[in-house]
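Please read the structure below before turning to the comments.
The values are calculated or read from the model by the stated rules, or taken from the named source; none is laboratory data. Since the model is a prediction, treat every value here as computed from it, not as a measurement. Cβ sites come from the backbone with ideal geometry, for glycine too, and all protein chains shown count toward neighbours. Keep in mind that these areas ignore ligands, DNA and RNA; they rest on the heavy atoms of the full protein, side chains included. Shrake-Rupley method; radii C 1.70, N 1.55, O 1.52, S 1.80 Å.
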Amino acid sequence: MQEYFIIIISAVLINNIVLSQFLGICPFLGVSKKLSASLGMGGAVSFVLVLAGALTWTVQTYILNPFKIGYLQTIAFILIIAALVQFVEMAMRKYSPPLYKALGIYLPLITTNCAVLGVAIINIKKEYTFGKVMVHSLSHAAGFTLALVLMSGIRERLEDADIPESMRGTPIALVVAALMSMAFLGFSGLI
Amino acid sequence: MSLMSEFSKGIIKENPLLRLMLGCCPALAITTSVENGLGMGAAFTGVLIASNMAISAMRKIIPENVRIPVYVVIIASFVTMTDQLMHAFTPALYDSLGIFIPLIVVNCIILGRAEAFANKNPIIPAIIDAVGMGIGFTLALVLVSSFREVLGAGTFLGIQVLPESAPAILMILPPGGFITLGCLLGLMNKLQKKAA
Amino acid sequence: MLVAVVTLACLGAIFGIVLGFAAKRFAVEVDPRVEELIRVMPGANCGACGMPGCAAFAEAITMGTVKPSACSPGGASLYEKIAAIMGTEVSAYEERQVAQLLCQGDNVHTKMLYRYEGLSDCHVALANFKGPKACKFGCVMQGSCSRVCQFGAIQMGVNGLPVVDYYRCTACNKCVVECPLQLYKLVGVSRLVHVRCVNTEKGKDAKANCATACIKCKICEKNCPEDAVHVVATGDGTVALIDYEKCTNCGICAVKCPTKSIDKIMPLSEEVILEVGETPVPGCTRCGVCPPL
Amino acid sequence: MKKATFRGGIHLDGHKELTSGLETVVAHIPDRVYIPLSQHIGAPCVPLVVVGDQVKKGQKIGASKGFVSAPIHASVSGTVVAIELMEHPGGSFVPCIIIENDRKEEWAESVIPHRDPASLTPDELRAIILEAGIVGKGGATFPSHVKYAPVEGKIVDTVILNGVECEPYLTTDHRLMLERSDKIVAGLGYIMRAVGCERGIIAVEENKMDAVAVMEKAAAEAKNITIVVLKEKYPQGSEKQLIYACTGREVPVGGLPLAVGVIVNNVGTASALARAVELGIPFIGRNVTVSGPGIRNPANYRVRIGTLFSELIKQSGGYVGEVEKIIAGGPMMGKTVFTDNLPVVKGTSGIIIFTKEENRHSKEFACVRCAKCIDVCPAYLEPTSLVRLAKRKAWEDAERMDAMSCIECSSCVYVCPAQIPLIQHIRRAKQAILAAKARPQG
Amino acid sequence: MTTSNDLLVVTSSPHVHSPDSVPNAMRDVLIALVPALLAGLYFFRLPALAVIAACVASAYAAEIICLRVMKKPQTGEASAIITGLLLAFCIPPHLPVWMAVLGSVFSIVIAKHLFGGLGQNIFNPALIGRAFLLASFPVAMTSWSRPLDGVTTATPLSIMKEATGQALPSLSELFLGNVSGSIAETSALAILLGGAYLLYRGHIDWRIPGSFLGTVFILMSIAGWVKGAGFWYPFFHLFAGGLLLGAFFMATDWVTTPVTKLGRIIFGVGCGSLVVLIRLKGGYPEGVAYSILLMNLVTPLIDRYTRARVFGRVKSHA
């Protein structure tokens, strides 16, 4: 139990995927302008992250490892993720248009979201069991959503701020991210 | 457009990191030292050149509607090769770059160049484009990492340049990455506005 | 080696079959233009456009909610393709329009009733006795138009009136909509002579409040060789109005006008006038600085 | 006793001592009166006289067919010399009937006392109120007979008379309560009868305890009328806040007091109404406070409608110091005018003169989010957020944040340390929201 | 008509204004900081004076330069001085002066002016400066000295955290400030005096310090009870470290904290819980600065979801 708890705290707060691992920066900067959008993106990423975590772990454990072809990891994983995203997108569009409206439009962005592939690779590197893989993926997804939601709250407020012309948009978002990650340093040493 | 301009556009006008803001993740993660920046840039440029070349060569035979998966597979293959090569020949660098080597696969710049340039142009321009873009990205990485290494560790390529007590460790921590890139982008915007 | 190839092939095959099957099974009707657009997109799904991906961007284009230029990786060539798919052709020759302010009642020429203090907003200022000026038709000089102009083409001049920079003006119509007194009009840049007064009061009353008001003397009407300017009925009264179709920019009326409410401006450079309507380069504000294409 | 009040609001320096101890003086009757054709909310009147006509005091000279409207009457006898556009204290230009006073003070034939006011039916009462041109005296000038008209499905159970007078400087209502308490109580009785309700409340702020004593004495016999003492706080006199303080009921957003079964009237309205019902005298005069640091002798006057501000200022001994502002009404919600050459109208409760000293203010800063505006807003709005939206012209968002609920009491501007003209931004947003609403229909 | 020949002024209501203004408010905050300043100077003498002077001067200079570079009018209020002073208050007295300067320049330039200047920053600039210094120069930022004689020693909180066996200072020493720590955070008494002044002047809302300190007190009481530490334990945590300074002067910063009343309580409770979490479980002995920064982050969301019910937005009566 303790171990799971550590994984959660570490993934959400201490080693936050965006603020300290630098994964998924593009959507973090791109889709954090509005709160609603960031919630949608967070949801979509969580969904894919967990599914991808499960699939890639299975493939690694039952195909790549037995055949000793670990070096195919990158190709295999990216294939899995790309196919998964596309599959999920199509399925969602057909069977749950409201869900698709809410999350679906964010799905294509996820293929090239390094967070998904990154977490999948970390899962394997840390030699987690299946249960831990699920918890780990989910916590990272939560950390991603947390950072995204906080960011969008701030950016909505910054919309009216008198920010120097050349700093508007991405530059100031990066500065906010810097200060956010500085605040998150407060969590270091926790657990 | 001449080949020269294909080459130079990637360095300044369409610099993938500083102008198009693509490939932010590695630019933030591995730029703690200039050495890492150079290593990452080299690995990235290699993959970009190889994949641009391959895609350009195969552009007539790749079916339109599955082209993206095909690109991904091609890129992933080259990334895997790079990964293996680095593991074998530059183990230290390999360790410090960590998972960001396999993550070159999902670097939007490579896929973007494949889609926007390589699949419409012959091999020679495609290579030139890749070299330009690769150098542009590498230069940007070096720029970011020089700031961070000098200010954060007091060294440049491992050579001590600031007194022992001076460096602000923050700069090589995650916040330093965000702040350097943010300020650099702001600076680029400012310069561009002045030029215009 | 063999194992690797076989595994990959199997993986590929499995995903290919599943996806192929899924594509049939889950087929959903979409606007064919969206598919076409997606095909020409860079496909980087980078999110630079603010949309969550190229497909979303393409859809937004078909709905007209975004401009193609939002896609920065695409570049100029993309915009042409989008235009081709969307059937938006490069429009035929069309004179560039600029906003003209129809009031010259600055703080020297016009009588003031009071000193206005408070929020610089024309709409708000008008709530107090229809503005600080004695003339109730003229500019309130609080600069709402200047703030609404995104191109910085309207600046407040030293004499209190806004000044339009014809080089920067893009005829976006924002000032026309914003001005609570409808004092802006979009007119072709080649038009040099304008009646800059909309006061419809009797000549005597208008003159009492503003030294540069139209006093309905009809001297312009009598002197115009082209029959292009008339004192016409508008609102509760009359005011001089130029028929731009007939006007030849001769400027005789401006010379003859006793209050100089008719104004002839200096002609703009050739390039500015000749520029075509459609934006040639993304991000171009048609400022007129570049050489003609 | 804990005094009832509402949440939010501010404490102001009242400056009431300038005039609160002074007996109301009858103002000189001017040689000419200027009577605007629009002195109420609703459709403006159409003149019933032409230039050259002889009119008598109390004669109806303007009326409108609209439902929300009130007729106007001549306040002196004499000759109509002109009908001209003039400045109106409300901040606009309005046609005025100008009457040359013949000093005969002849009453019109229509002005006849009612023999037995106690026997009048609600319908008759409302007809009298309509004919007398009674409008709210508090400043909003809403025609009273419209307020009393029965509405399907709504039962009025309480009438509140507003004697709060929370605006600084103004003391007309205070003096009126001291001097005409019987008329106020009688007027309240007529209003209660006109709307058919049993409970009457006269609300007075705690800074006017002398008036409370007088009113309690006057109302001692009327069992269903109570005097409620309220805390001294601005804007206690605002209709919705007053209802909340007196009854604990909240008027719903966008609704009228009627929605919670309450009618609010000014004490001055009640006294004018009593005169109209008992004596048949229409609304031709009112009390006006002339005060402020820029006037030599502050005073309360009993003024004929149509008297120019300048006449009252002359009677008060003229200006003192460098006058910069003439305010029609109180300094919190009153409007500045640019000349003293304009007439007292039915809604003019005061003329406040400010000099350069009072108009000195520190410069505007960016909002520092101190949230003082939020703390004081009696409508529980977030003025600073509304301003943010208004600056961005996000009118729809502003509407969603209830910009329309702003009662424009100006408390937020008063407390804002950054001197941001919040209220003007919000007013702009309200203008735009209304304009957007009007568009699809017309 | 009037005694002056000028035109009259026409403006929108109101025509009277409270004497409140931004410069006045800033001046009051400065006054409130004086007791803590004096206490700091008394306990830490010349080094403290040097650090304080450096921080204030560089913060003010940075402010003026930023405004000039951005071509904005000079505001002429004291917010930058307050930032500099607060930063100086929460760093060790023996910190090299150049580091202090760097920190206060970072505060003003990055945390304030990049966001548009006065009133528009998301994070408390002084705390950003402190976090920046702590992350950049961890050694210098955690070298503490004893008051009066300047002998190097640990702060009460690190003695507590690391259980080094050193004797904990008494509560009265903590209250008066005769312990090691940042320049002006040691004297609880001086800070309480300043806080009381701000509360009296109505510049800060009791809700934030109240809920902040209350949360810490309650949670620490529970923790003390679990540890069997006795009744002094929660008081120790209240008076030790920068808690009071943070609760009265930083968590109450207008700009970076919620504007709604409920939001302020949530903010205070959040800060308090985070302080307890970091002090008991985290890697740092002290967590006030981080806890406030983290809650600054959440402030826009708190504001958004704690909006008050508008007057009259009730279920209809009929």
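The magnitude of the dipole of region B:3-195, with charges of +1 and -1 set on the Cβ of Lys/Arg and Asp/Glu and taken from the Cα centre, is near 740 debye. The figure for C:Lys174 is an accessible area of roughly 80 square angstrom, using a 1.4 Å probe on the protein chains alone. Of the residues E:Glu185, E:Glu173, E:Glu63, the one that moves most in a GNM of chain E with alpha-carbon contacts below 10 Å is E:Glu173. Inter-chain neighbour count for C:4-14: the average number of beta-carbon atoms from partner chains within 10 Å of each residue's beta-carbon is 4.
For the protein assembly as shown, the dipole from Cβ point charges (+1 on Lys and Arg, -1 on Asp and Glu) about the Cα centre works out to 720 debye, to the nearest 20. Per-residue mean of foreign Cβ neighbours for B:91-104 is 3 (Cβ atoms of other chains, 10 Å radius).
Given a 1.4 Å probe and the protein chains as shown, B:Leu187 ends up with an accessible area of around 100 Å². Taking the C-alpha atoms only, the angle from helix B:67-89 to the longest principal axis of chain B is near 50 degrees.
Just the protein heavy atoms count here, and of the accessible area of the protein assembly as shown at 1.4 Å, carbon and sulfur take up 62 percent. Loop-located trypsin sites (Lys or Arg not before Pro) across region D:225-315 with a Cβ neighbour count of 15 or fewer within 10 Å are D:Arg296, with loop assigned by DSSP.
Think of a 1.4 Å ball rolled over the protein heavy atoms: chain E then has 37 Å² of accessible area per residue. A compact globular protein would have a Cα radius of gyration near 2.2 N^0.38 Å; the ratio found for region D:140-283 is 0.97. Cross-link partners for D:Lys104 among the aspartates and glutamates, with Cα-Cα distance under 17 Å and sequence neighbours closer than 8 places in the same chain left out: D:Asp31, D:Asp53. Extending 7 Å from the Cα toward the beta-carbon at both C:Ala83 and C:Val232 defines two label points whose distance is 3.4 nm.
Here each label is just a point 7 Å from Cα along the line to Cβ, and for C:Val158 and C:Asp205 those points are 3.5 nm apart. Put simply, chain D fits an ellipsoid with semi-axes of 33, 27, 23 Å; these come from the alpha carbon gyration tensor as the roots of five times its eigenvalues, largest first. Solvent exposure of region B:1-123, expressed per residue, is 39 Å² of accessible area, with all protein chains present and a 1.4 angstrom probe. Annotation for region E:181-234 versus region C:138-155: alpha-carbon center distance of 52 Å. Distance from the alpha carbon centroid of region A:1-58 to that of region E:241-318 works out to 25 angstrom. Ordering C:102-110, D:23-31 by mean Cβ neighbour count within 10 Å, with the highest value first, yields C:102-110, D:23-31. Scalar couplings 3J(HN,Hα) for region A:69-76, obtained by applying the Karplus form with A = 6.51, B = -1.76, C = 1.60 to θ = phi - 60°, are 10, x, 5, 8, 3, 4, 4, 4 Hz; x denotes Gly and Pro. Taking B:Cys24, B:Cys183, B:Cys108 in turn, the Gaussian network model of chain B (Cα-Cα springs below 10 Å) assigns the largest fluctuation to B:Cys183.
For the pair C and A, the buried accessible area comes to roughly 2100 Å² in total, with a 1.4 Å probe and the value rounded to the nearest 100. Pairwise Cα distances in the protein assembly as shown exceed 64 Å for 25 percent of all pairs. Remark: accessible area buried at the A-B interface is about 3000 Å², both chains counted, probe radius 1.4 Å. Note on region E:23-305: dipole from Cβ charges, positive end direction compared against E:Phe44, E:Ile91, E:Gly117; the farthest Cα belongs to E:Gly117.
Amide H contacts for C:Lys133 (H built 1.01 Å from N in the peptide plane; partners 5 or more residues away or on another chain; cut-off under 5 Å): C:Leu113.
Rounded, prolate or oblate: which one fits region E:23-305, using the alpha carbon gyration tensor with axes a ≥ b ≥ c (rounded when a/c is under 1.5, else prolate when a/b beats b/c, else oblate)? Oblate, because a/c is 1.5 or more while a/b does not exceed b/c. Using the alpha-carbon centroid of each, what span in Å lies between region D:1-63 and region D:111-142? Centre-to-centre distance over Cα atoms comes out at 17 Å.
Roughly how much accessible area, to the nearest 100 Å², goes out of reach of solvent when E and D pair up, both sides summed, probe 1.4 Å? Chains E and D together bury approximately 4700 Å². The mean count of C-beta atoms from other chains within 10 Å of the C-beta of residues in A:25-35, rounded to a whole number, is 5. Accessible surface for B:Asp129 stands near 0 Å², nearest 10, in the context of the full protein assembly shown (1.4 Å probe). The calculated pair-distance distribution of chain A uses every alpha carbon pair, bins of 5 angstrom beginning at 0, and gives 1, 8, 16, 18, 18, 15, 12, 7, 3, 1, 0, 0 percent. Filter the cross-link list C:Lys216/D:Lys65; C:Lys136/C:Lys216; D:Lys57/D:Lys208 down to pairs whose alpha-carbon distance in this structure exceeds 26 Å. Listed pairs above 26 Å: C:Lys216/D:Lys65; D:Lys57/D:Lys208.
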